[in-house]
């Protein structure tokens, strides 16, 4: 009788080449968690939202492979507050992080624990690559907020080619080719090096925030775009898309793609109005801009994929980035402590169809004197009137039915006063649990419902 030992040895060797043992061990346990954040990206500027002049094949592939959330939101229309809410799992207004930090000691309050803290305590290796923007003092540094590794910059914006300010851990790096490429390369290195155990990586690109800087090669690919600002923006976005594609290829080659939960969103809408970091983005068909509570400021591209557990599809109900905190904890098998006061919803049963109800009864926003609430398709909003081309101020209360008017073009306030009053009452009740902002131009004034106003936050 012939021995099958040589055949079995050969088969085992082949399997080890296709699926490295360390990746197989990780896949058998807790999932890896990868959260990718774009910066100041326009709602319209991805193929899966119909963009025609900027190809985004890798983001489109991510959308096809996972859940595309057609009503994806962030809790604020600014960079830092959105990140603070993601990492804490709570609305940033609960702990005073309403605006971008200003001052040398400003940053994510040290009273708050982060998603990195919680996953690290559960055995995850944690990393942050890219933009931090949650405080520049030593005690606010990512390595003090739950992250084992850091490669990136601490502030809100950075040159794409100047290494000054880029750190590995707390050490300055000597050189930088192009930050988008470098951040993608560092992310690929992180997931390769830690394939033996579960990891959490937050990959926070500074693309496509200003300054508008692209590589000559990427810029040459968009010679047909006449507007020079839009052309550079397109080149920058294309570079980020390519970096995401290379990272996913690394996950595939190391046998980690099936059991890696990936989420992608932009930190706010595209900056398209006077007074903000205009970059050539488009929020069409949405109205408004970064720094407003209109849809153009808070509605963003939003994707989630986890091949081991989620079937591809489109999820129509409103979701928000704090949900990613709760979802990551659930995927990792972590039961939230009531003391954490988390406000996000675990999306996994909603995505799978196990739970038929929407994740939220309502979503809420407060940004200075701007506010909004979305419930059952109706949105009450007071917004920065700069978005309408007017002098800076705050609009009167306006009511829109987003189910039929995603562009917020038909104000129903006069014809639906009862609906407006009911939404205002819900928002007032939610607002009672907020605190005054810890910094910003009007941080000492308690927040109350406002009918009109002239103030707006600093740090556009």
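The calculated 222 nm mean residue ellipticity attributable to helices in the chain amounts to -8500 deg cm²/dmol, summing -39500 (n - 2.57) over DSSP H runs of n ≥ 4 and dividing by all residues. Across q = 0.07, 0.08, 0.09, 0.10 Å⁻¹, the chain modelled as identical point scatterers on its alpha-carbon atoms has Debye log10 I(q)/I(0) values of -0.34, -0.44, -0.56, -0.69, in the order of the q list.
Evaluate segment 201-294: find the radius of gyration of its Cα atoms, find its Kirkwood radius, and give the ratio Rg to Rh.
Result for segment 201-294 is an Rg/Rh of 1.03.
The packing ranking, built from the mean of other Cβ atoms within 10 Å per residue, places the peptides 298-308, 82-92 in the order 82-92, 298-308, highest first.
Calculated FRET efficiency, residue 431 to residue 354, Cβ-Cβ distance, R0 = 41 Å: about 0.80 to the nearest 0.05.
Order of 240, 41 from fewest to most other C-beta atoms within 10 Å?
Least to most surrounded, the residues fall as 240, 41.
What is the chain's relative contact order, in percent, from Cα pairs under 8 angstrom and six or more apart in sequence?
For the chain, the relative contact order is 22 percent.
Peptides 261-274, 328-341 ordered by packing proxy, namely the average of other Cβ atoms within 10 Å per residue, highest first: 261-274, 328-341.
Helix 322-331 axis versus longest C-alpha principal axis of the chain: approximately 30°, rounded to the nearest ten. Exposure proxy shown here: for 278, 320, the number of other Cβ atoms within 10 Å sets the order, fewest to most, as 278, 320.
Using a simple spin-label model with pseudo-atoms 7 Å out from Cα toward Cβ, residue 157 and residue 401 lie 4.1 nm apart.
Counting neighbouring beta carbons within 10 Å and listing from fewest to most, the residues 158, 140, 133 come out as 140, 158, 133.
Using the Cβ-Cβ distance between residue 175 and residue 246 with R0 set to 22 Å, the FRET efficiency works out to roughly 0.65.
Read-outs throughout are calculated quantities, based only on the coordinates presented, and are distinct from any laboratory measurement. Note that this is a predicted model, so its numbers are computed, not measured. As a convention, Cβ positions derive from the backbone with ideal geometry for all residues, glycine included, and neighbour counts pool all protein chains shown.
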